[in-house]
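Colleague: Below is a structure I'd like to ask you about.
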């Protein structure tokens, strides 16, 4: 018989979490996008002052629990709500483990945390071509925020923007 559960990640999960992040990048058509190592991931998740967190979904077949999904998240802040919220950075369930409710269980756990802490929002992005994910999220009562456009600065543009600038001369 198969059992499923969700729990907080522990340091020993980091190789599998990293593997699932890479699998997600492949699924999202960005197979070379993951730059960090397992050790860097572990330092961020389990260092002195972690600012990113992870829950794992496990499946038990034949008596052994194996990680089959992840939810990587962090705390945000809304100036309009004047309260924190949760941002889901990545949600991924191995294709062979889908259909067992693991994605819903992971989201339900994050929603539980948000409600327990008084956070009014649980938010995330989904690619515009990922209609299976969009249908899944809609089935949970989530709504697309289409009026917002994501903007990003990285690479040389980020470096240039962050470079020191001489203050203007007094008039």
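Colleague: For the chain, set up a GNM with springs between Cα atoms under 10 Å and report which of 101, 85, 69 has the largest fluctuation.
Modeller: Among 101, 85, 69, the largest GNM mean-square fluctuation belongs to 101.
Colleague: Find the relative contact order for the chain and round it to a whole percent, using C-alpha pairs within less than 8 Å whose residues are 6+ positions apart.
Modeller: Working: 205 pairs, mean separation 30.3, N = 171.
Relative contact order of the chain: 18 percent.
Colleague: Moving on. Hey, in the GNM for the chain with a 10 angstrom Cα cutoff, which one of 141, 99, 155 fluctuates hardest?
Modeller: Result: 155 has the largest fluctuation of those listed.
Colleague: If you don't mind, another one. Rounding to the nearest 10 and keeping the result within 0 to 90°, find how far the Cα-based axis of helix 14-27 lies from the longest principal axis of the chain.
Modeller: Taking the Cα atoms of the chain, the angle to 14-27 is about 80 degrees.
Colleague: Which FRET efficiency value, to the nearest 0.05, is calculated for residue 108 and residue 138 with the Förster distance at 22 angstrom and r the Cβ-Cβ distance?
Modeller: Working: r = 16 Å, r/R0 = 0.72.
With R0 = 22 Å, the Cβ-Cβ based efficiency is 0.90.
Colleague: When a/c is below 1.5 the answer is rounded, else prolate if a/b is larger than b/c, else oblate, so apply that to segment 94-143 with a ≥ b ≥ c taken from the square roots of the Cα gyration tensor eigenvalues. Write out the running numbers ahead of the final one.
Modeller: Details: a/c = 2.53, a/b = 1.41, b/c = 1.79.
Cα axes put segment 94-143 in the oblate bin.
Colleague: Taking the Cα of residue 64, stepping 7 Å toward and past its beta carbon, and measuring to each backbone N in segment 71-100: which are under 20 Å?
Modeller: From segment 71-100, the list is 94-98.
Colleague: Express in whole angstrom the spacing between the alpha-carbon centres of segment 116-143 and segment 10-25.
Modeller: Result: 22 Å between the Cα centres.
Colleague: Please give, to one decimal in nm, the separation of the simple spin-label points placed at residue 32 and residue 125, each 7 Å out from Cα toward the Cβ.
Modeller: Here the modelled spin labels are 2.0 nm apart.
Colleague: Then there's this: Running a GNM on the chain with Cα contacts under 10 Å, which residue among 95, 11, 132 ends up with the highest mean-square fluctuation?
Modeller: 132
Colleague: Which angle between 0 and 90 degrees, to the nearest 10, do you get for helix 102-117 versus the longest principal axis of the chain when only C-alpha atoms count?
Modeller: So the inclination is approximately 60 degrees.
Colleague: Under 1.5 on a/c is rounded, so check that first for segment 1-51, then, if it is not, pick prolate when a/b is larger than b/c and oblate when it is not; a ≥ b ≥ c are the square roots of the alpha carbon gyration tensor eigenvalues.
Modeller: Verdict is oblate for segment 1-51.
Colleague: For a test of the definition: using alpha carbon positions, the gyration tensor, and the 1.5 limit on a/c, classify segment 3-142 as rounded, prolate or oblate.
Modeller: Details: a/c = 1.32, a/b = 1.17, b/c = 1.13.
Cα axes put segment 3-142 in the rounded bin.
Taken together, the values in this text are just the output of simple stated rules run on the coordinates, not laboratory data. As the structure is a prediction and not an experimental result, all values here were calculated from the model. Cβ: placed from backbone, ideal geometry, glycine included. Neighbour counts: every protein chain shown.
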